[in-house]
Amino acid sequence: MKITFLLTWGDEMGGTEMAAYTQATHLMPRHQVEVVSVFKTRPEPFFEIGRSVPRRYLVDRTGPFEQPVRASDLSEQECRTLASLPSEIIKPSWEATFDRLSDIEMSAALGALDTDVLITTTPALMAAAAELAPARVITVHQEHRASQLRGSTGEPLLVYAPRIDALVSLTERTNDWFADSLGAAAPELVAIPNAVPSGFRPRSDLGGRTIVLAARMTPEKQLDHAIEAFATLAEDHPDWTMRIFGDGPQEVNLRRLIDGLALHDRVQLLGRSAQMEQEWAKAALAVLPSRNEAFPLVLLEVFAAGVPVVAYDIVTGPAEIIRHGVDGLLVPAADKDSLAAAMAKLMEDDGTRRAYGAAARTGVHERFGSTEIAGRWEALFTRLVARRDDPRRLAQRADRTARRIAAGGTRSFNISAPVTTLAQSADEQKAREVLLQAQDRSGTLVRTAGRLAEVRDDVLAPRMAEWNLELATDALTAHGVPYTLLRDGGTSYRIAVEVERRAQTLDALATELHGKPVYAELIAPNGVAPGAWLAERLGNAGDVAGVRLFKPVTTTGRTLRYGPAFGCTIEFWAVSDEDEEFPGWRKAPRGSTLVGPRLPSLEATASLRVSEREHPTAAAFTGRLMNDIDFPIDVVYTWVDDTDPAWQRRRDEARRAAGIATSGGADSGDVRFRNRDELRYSLRSLVMYAPWVRTIHLVTDDQAPDWLELADPRIKLVSHREIFADPDWLPTFNSHAIESQLHRIDGLAEHFLYLNDDVFIGRPVTPQAFFDSNGTAHHFRSPTAVPPSELSDDDEGYFAAAKNNRTVLQREFGRIATHSFLHAPHPLRRSVLEEISEKFGAEVAATAANPFRAATDLSVTSSLHHHYGYLTGRSTPSSISCTYVNVGNAQHHTVLSRLLATRGRTVFCIGESAEAEVSVTEQDRTLRAFLEAYYPVPSPFERA
């Protein structure tokens, strides 16, 4: 068959190019193979292997200006103009190198492509192929990176995957993520690893004393980790050196690091090499300290030279290649101490290093040899080509595309599964999981993220953490293992056990959890690979610093997954012989607690209550600690339903009274009033991630959502009539006015968070993120500056209010406020608001009396409180992981996709600008799809 590989630039140095040429070379003896490179950038490909593969180019960039490779009558000026225009096929955020000229050439070349199979090698090229390739051509995308960790470059993956025939990942972990994310919209999903590059590979005799690394010098490669780890070993291993090949933006920083560690004569930065196979043959050890990889070809090259490797066990890559304790060592990601210890082990033990090297060279050809890998590709191509004329093929493609859109996907936003950082189960454990799933009579066990999980749509995060604590402590109690519940200020639970009882503890967990889909992440294992084991296997875990026990749970839509982040950590505490200051005391193997890393003993002298259970603990944890927050914290929302006809009539009457034009329709004329049911999901976020909140006060104009369970004692509905000092100021449609009266809410706690309904808690958070234990409130300054100009009629409402705040603050304190604050929950103190109301009575009253936003308003809760509190010692600057998404901006929809996959922000706000480029209908659909995916578990505040 005829097979075409599509590359962006086939002449450059990169893992994608090397993998494509390797694969093409392996297929050439039996098939007609070609490489189509969109751009020609060198006279010959960087990799020698690429020079033997038939190639054709579309756009030539080797000359003074960009021009088509085909015969063309385009003038130089026309070519320059087209090259200066952005691509209309491939968004710059996907891949910035494309332009209008490449659009034209790709459209012509791909539209007339005569091939059986077209293989794309980047998400951007996959999008182009899905749009341009003839329907009869089989389209296959080969994903060369860890897709779940891509940023905006991965946006086309979930958009266009339903429109191709097959999506091939390098690892099962990435394959699983696609299955969870795409669901019924997925094309055929296959995992096929890279193959060992062809050609002779010289073998290292491992007799030297050189550690070799080869990587692009970027932050994600974490070469500094390897250098710092080597620095801790250098004095004890004076005959060892480190050689690093590659270049990139971090080179200057790495040179500074090397000089600062006085390693200039021991660590060499040698630039790029086109002959790395010769360099690997000089190595005695290789190190891969990357933060993320897909399926690194560099490891196959290292193994082909018979060199063992020490690597971080990251999301994908090393664990699929390295067999721990056979041909290399895996250590927990980002753990530089473990990295150094593993390096030292192989540096010091020549016999083990040679045995690993021999196993590496033999194993890599057995597992990733060209014959086996090419055979898997040929089987896939044969299967796909056999059905390309089946009318169901295109119908199924259309159905997949429709399902993706119906599920809430757009060109920019796509529902995706959460990223997992744990390695999937090894083959032996996977076989056991298959059996457990077959024995499951409930039908609720599924395979997701590389392991078994129970499907449930009713578990909130706090309950999940409690559940994992109960699983651990029930097992220990049943076997008479004493434990101590620790306190560290986190949102999951830790217990300590004497290290002498480690074997008993592991046996207890294995026995009690036998046959159950419960896992344990190994903490600092010594002798076995890091990862997550079925709890029933823990009897063989050996020397570990602890385990993190967790029961995986996922929701029906796979967009929420509970894993080790909510697990119960069981630590083995030992008496430290080196701790002369605290003889006989027990010490945490890693980290600390609220009372430090040591305890006189682990004998239980008190108890702590978690949910309905009492757990043994040390008396030191039960006192009122300095950082404890034991005062109540409330939440206040202001909310309006802009679709309510009665509210619309009141608003329009007020407008007419104020001489303001009114449309009289359902459109409020102000996007700040638009109700998209955000309150439902903001409340879900509180219950999920901030369960310590006492009372939620919902301030409205005598409105209430029809879904809200008002019988819940934690919800209090507050009417504007109850809080406005002067009833003549009502009705009001001015958020500044409403916020100026919040301190008058009956029963409101001294400390509270003020949230608009478009603000959400994104992950577990403690009260200490918002207040200090002495009562001081935090504030989160924005990088956005208030313009240093006088108040103007042209000022936006928030800038006008900020300038008014600045005026009263300068008058009172002689200080000039310069910045605004983040779109985050605002930590407030009722007493500060009361004082502001008294101190600036006239201005506050004028604000409260304005039925609509006015140029004279103050913004009390979102700005003035923080400045005033700071200047009077009751508010302090702090930071919080926060982002703002403008749902009216199509480019921001990608941020929603990343939020959903990574859940990496503590708080976020989803707003909308008045000049939205995205239609209201699409905004509604995108926002509802995102919020339902992020918060699929209903809160107790919703009526059944």
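The values are calculated or read from the model by the stated rules, or taken from the named source; none is laboratory data. It should be emphasised that the depicted structure is a prediction, and the values quoted were computed from it without experimental measurement. Methodologically, a virtual Cβ is constructed for each residue, glycine included, from the backbone with ideal geometry; neighbour enumeration extends over all protein chains shown.
Within segment 675-683, is there a residue that is surrounded by fewer than 19 Cβ atoms within 10 Å (Cβ to Cβ), in a helix (DSSP H, G or I) and aromatic (F, W, Y)? No, segment 675-683 contains no residue that is surrounded by fewer than 19 Cβ atoms within 10 Å (Cβ to Cβ), in a helix (DSSP H, G or I) and aromatic (F, W, Y).
Among the residues of segment 555-593, the ones that are out of contact with any helix residue (DSSP H, G or I) (no Cβ under 7 Å at 6 or more places or on another chain) and assigned to a loop (DSSP other than H, G, I, E, B) come to 20 in all. If the condition is being acidic (D, E), farther than 26 Å from A529 by Cβ and loosely packed, with under 15 Cβ neighbours inside 10 Å, then segment 427-473 contributes D440, D457, D458.
Quick grid of which residues meet (1) buried (at least 24 other Cβ atoms within 10 Å of the Cβ); (2) over 21 Å from T401 (Cα atoms); (3) in contact (Cβ under 8 Å) with a residue 60 or more places away in the chain:
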{"position": "V168", "(1), (2), (3)": "no, no, yes"}
{"position": "T171", "(1), (2), (3)": "yes, yes, yes"}
{"position": "L182", "(1), (2), (3)": "yes, no, yes"}
{"position": "V190", "(1), (2), (3)": "no, no, yes"}
{"position": "P197", "(1), (2), (3)": "no, yes, yes"}
{"position": "D205", "(1), (2), (3)": "no, yes, no"}
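Residue count for segment 454-477, restricted to those that are aliphatic (A, V, I, L, M) and touching a Leu at 6+ places or on another chain (Cβ under 7 Å): 3.
Examine segment 713-721 for a residue that is in a loop (DSSP other than H, G, I, E, B), modelled with pLDDT of 95 or more and touching a Phe, Trp or Tyr at 6+ places or on another chain (Cβ under 9 Å), and state whether such a residue exists. There is at least one residue in segment 713-721 that is in a loop (DSSP other than H, G, I, E, B), modelled with pLDDT of 95 or more and touching a Phe, Trp or Tyr at 6+ places or on another chain (Cβ under 9 Å). Can you name the residue in segment 338-365 that is under 35 Å from the mean Cα position of the chain (by Cα) and without any contact (Cβ under 8 Å) to a residue 40 or more places away in the chain and, of all such residues, is farthest from G207 (Cα to Cα)? If we take residues in segment 338-365 being under 35 Å from the mean Cα position of the chain (by Cα) and without any contact (Cβ under 8 Å) to a residue 40 or more places away in the chain, then A341 is farthest from G207 (Cα to Cα). When segment 513-524 is filtered for residues that are farther than 22 Å from A431 by Cβ and charged (D, E, K, R), nothing remains. The listed residues are V553, V610, V575, and the only one of them that is in the same structural domain as V497 (by TED's automatic domain parsing), β-branched (V, I, T) and touching a Phe, Trp or Tyr at 6+ places or on another chain (Cβ under 6 Å) turns out to be V553. Considering only segment 604-626, state which residues are free of Cβ contacts under 8 Å to residues at least 24 places away in the same chain, outside any strand (DSSP E or B) and not hydroxyl-bearing (S, T, Y). If the condition is that a residue be free of Cβ contacts under 8 Å to residues at least 24 places away in the same chain, outside any strand (DSSP E or B) and not hydroxyl-bearing (S, T, Y), then E612, A619, G623, R624 are the ones that fit. If you scan segment 516-553, which residues turn out to be part of a loop (DSSP other than H, G, I, E, B) and not hydrophobic (A, V, I, L, M, F, W, C)? If the condition is that a residue be part of a loop (DSSP other than H, G, I, E, B) and not hydrophobic (A, V, I, L, M, F, W, C), then K516, P517, P525, G527, P530, G531, G542, K551, P552 are the ones that fit.
Checking each residue in segment 502-522 for being of a type outside the set (F, W, Y) and crowded, with 20+ Cβ neighbours inside 10 Å picks out R502, T505, L506, A508, L509, A510, L513, P517, V518, A520, E521, L522.
Looking at R51, R56, which is the one that is over 22 Å from M126 (Cα atoms), outside any loop (DSSP other than H, G, I, E, B), without any contact (Cβ under 8 Å) to a residue 40 or more places away in the chain and assigned by TED's automatic domain parsing to the domain that holds S107?
Answer to the check: R51.
I'd like to verify a number: residues in segment 240-258 that are at pLDDT 95 or above, among the charged types (D, E, K, R) and within 25 Å of Q275 (Cα to Cα), how many? Result for segment 240-258: 3.
Can D757 be described as modelled with pLDDT of 95 or more and either in the same structural domain as V860 (by TED's automatic domain parsing) or aliphatic (A, V, I, L, M) (or both)? No; evaluated as a whole, the condition is false for this residue.
Evaluate segment 65-74: report whether one residue or more is touching a residue at least 40 places away in the same chain (Cβ under 8 Å) and crowded, with 18+ Cβ neighbours inside 10 Å. If you could, list the steps in order and put the result at the bottom.
First, the residues of segment 65-74 that are touching a residue at least 40 places away in the same chain (Cβ under 8 Å): none.
No.
Within the bounds of segment 63-71, is there any residue that is in the same structural domain as A146 (by TED's automatic domain parsing), assigned to a strand (DSSP E or B) and under 25 Å from D103 (Cα atoms)? Yes - at least one qualifying residue is present in segment 63-71.
For segment 402-515, give me every one of the strands (runs of 3 or more DSSP E) that falls completely inside it and has 3 or more residues that are in the same structural domain as G596 (by TED's automatic domain parsing) and more than 30 Å from D628 (Cα to Cα). Show your work before the answer.
Working: elements: 445-448, 451-455, 494-498.
Because the criterion is at least 3 residues that are in the same structural domain as G596 (by TED's automatic domain parsing) and more than 30 Å from D628 (Cα to Cα), the strands (runs of 3 or more DSSP E) in segment 402-515 that meet it are 445-448, 451-455.
When F46 is tested against the conditions (1) more than 30 Å from A135 (Cβ to Cβ); (2) in a loop (DSSP other than H, G, I, E, B); (3) at pLDDT 95 or above, the lone failure is (3).
The one condition from (1) assigned to a helix (DSSP H, G or I); (2) buried (at least 23 other Cβ atoms within 10 Å of the Cβ) that D857 does not meet is (1). The set of residues from segment 263-285 being within 22 Å of R367 (Cα to Cα) and out of contact with any Asp or Glu (no Cβ under 9 Å at 6 or more places or on another chain) comprises just one member, L285.
Residue check: A127 meets all listed conditions (1) more than 25 Å from T902 (Cα to Cα); (2) touching a helix residue (DSSP H, G or I) at 6+ places or on another chain (Cβ under 6 Å) but one, namely (1).
Among the residues of segment 549-595, how many are at positive phi and either modelled with pLDDT of 95 or more or touching a Gly at 6+ places or on another chain (Cβ under 8 Å) (or both)?
Step one: of segment 549-595, the residues at positive phi are 558, 584, 591.
Then keep just the ones that are either modelled with pLDDT of 95 or more or touching a Gly at 6+ places or on another chain (Cβ under 8 Å) (or both); that gives 558.
Total satisfying the criteria: 1.
The residues of segment 24-42 that are of a type in the set (S, T, N, Q) and modelled with pLDDT of 95 or more, listed by number, are Q32, S37, T41.
When segment 8-34 is examined, which residues are found to be in contact with a helix residue (DSSP H, G or I) (Cβ under 6 Å, 6 or more places away or on another chain) and assigned to a strand (DSSP E or B)? Correct list: V33 only.
The residues of segment 134-150 that are surrounded by fewer than 22 Cβ atoms within 10 Å (Cβ to Cβ) and over 23 Å from the mean Cα position of the chain (by Cα), listed by number, are P134, A135, R136, V137. Taking the conditions (1) crowded, with 21+ Cβ neighbours inside 10 Å; (2) more than 19 Å from the chain's Cα centre (by Cα); (3) over 30 Å from S831 (Cβ atoms) in turn, I910 satisfies each one other than (2).
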